[in-house]
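Written out below as structure tokens is the structure these notes cover.
Nothing in this text is a laboratory measurement; each read-out follows from the coordinates by a stated rule. On a predicted model such as this, the values are computed, not experimentally measured, just so you know. With ideal geometry, Cβ positions are generated from the backbone for all residues, glycine too; neighbour counts draw on all protein chains shown.
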Amino acid sequence: MTRWQRWLRQPQTAWLRKAIFQLHLWSGIGFGLYVLLASVTGSVLVYANELYRAATRDPIVVAASDPLLTDKQLRDAATRAYPGYRILVLSRPSNPDEAISISLQDGANRKNRLFNPYTGADLGDSVPRGIRLVTGLIALHDDLLGGPTGRKVNGVAALLFVFLGLTGIVVWWPGIGTWRQRLFVQRKVGRRRFIWGLHGMIGFWTFGTILLFGISGVYLGNQEFVQDLADRIEPLTAANSRSRIVDQVLYWLAYLHIGRINGIGIPCKGPGLCDRTMKLIWAVFGLMPAVLFVTGALMWWTRVVRKKLGPN
């Protein structure tokens, strides 16, 4: 039997498959927490706009009294409340009875506060806690809370999704005689085989989206580098400035990564059932890497850790 025939019929006996299995196993365990973090936060952020709307509160309207404070008086009230801070922005809403938003800064410290337009009293933070939480979640997913450097690291780490997807599909291949059985979970096979089958089934059906999230994550984390590479592949000219294939590819990668299908009108043309359904599908697929990590960790525990620990 040739190597190719062995790979097609009995891949479990091939040394290359065994090596790839070990790479898949230990890279999944070693970087599992990153996969879990990226998967869960990305799935939640499919609903970023909805979360922002839910966290946005109604404007604070105060009881009218006369007279309204001038901008100078409000600035003085703000600096008295926060000594050492300087005023960055003072925003008056169209309704004179609404609270005034004032941004202040002292070095690296910044505050966004609301003030009573009649008394100058501090009414609290102008940015609701829910808004800050969603913004922080976006920063965690996009930049690992590390700013531009964190985004680049995130872009490189996104290659892990591609690597796990490619090695996973190799490990999944059971042989030409039994591959159809691995498309679905087999019942009444025991817990260990059930988890193995569940892990393989999810990996197979989500293989395409895992590669999509990984490749698009590489682009979003290192846009300048990828754009420079795209320009080398298809140099920009006056003739192709609006029709370059590389630009279309990058455009689709960005939109498909964040799941805002409605933004391009395909297949949905506005808010509604279609848009909600597409977001739900994207959120579910976004969670699949986390499920793969959990099932993979369970297999690792039963096959490796428990064997080393021995019977209790």
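The slack between Ser94 and Phe225, meaning 0.36 nm per residue of separation minus the straight C-alpha distance, is 42.7 nm. Charging the Cβ of each Asp and Glu at -1 and of each Lys and Arg at +1, and nothing else, the dipole of the chain about its Cα centre rounds to 2300 debye. Projected label points at Ser65 and Leu16, each 7 Å from Cα along the beta carbon direction, are separated by 8.2 nanometres.
Taking the beta-carbon count within 10 Å as an exposure proxy, list Thr79, Thr13 from fewest neighbours to most.
Thr13, Thr79
Indicate the gyration tensor shape class of region 122-172 (rounded, prolate or oblate), computed on the Cα atoms with a ≥ b ≥ c the square roots of the eigenvalues: a/c under 1.5 is rounded; otherwise a/b larger than b/c is prolate and the rest oblate. The shape class here is oblate. When the pairs Lys111/Lys152; Lys18/Lys279; Lys111/Lys269; Lys152/Lys269; Lys152/Lys307; Lys18/Lys308 are compared against a 31 Å limit on Cα-Cα distance, Lys18/Lys279; Lys111/Lys269; Lys152/Lys269; Lys152/Lys307 fall above it. The calculated FRET efficiency for Trp301 paired with Leu123, based on their beta-carbon distance and R0 = 45 Å, is about 0.30. The largest-to-smallest principal axis extents of the Cα set in region 71-127 are 32, 21, 16 Å.
Given the options Pro93, Ala121, Pro83, identify the residue whose Cα lies farthest towards the positive end of the charge dipole of region 71-127 (+1 on Cβ of Lys, Arg; -1 on Cβ of Asp, Glu). Farthest towards the positive pole: Pro83.
Distance between the pseudo-spin-label points of Arg276 and Gln73 (7 Å out from Cα toward the beta carbon): 4.9 nm. Checking the a/c ratio against 1.5 first, then a/b against b/c, what shape does the Cα gyration tensor give for region 1-127? Prolate is the answer for region 1-127, as a/c is 1.5 or above and a/b outweighs b/c. For region 152-289, the calculated P(r) over all alpha carbon pairs, in 10 Å bins from 0 to the bin holding the longest distance, is 11, 29, 30, 21, 7, 1, 0 percent.
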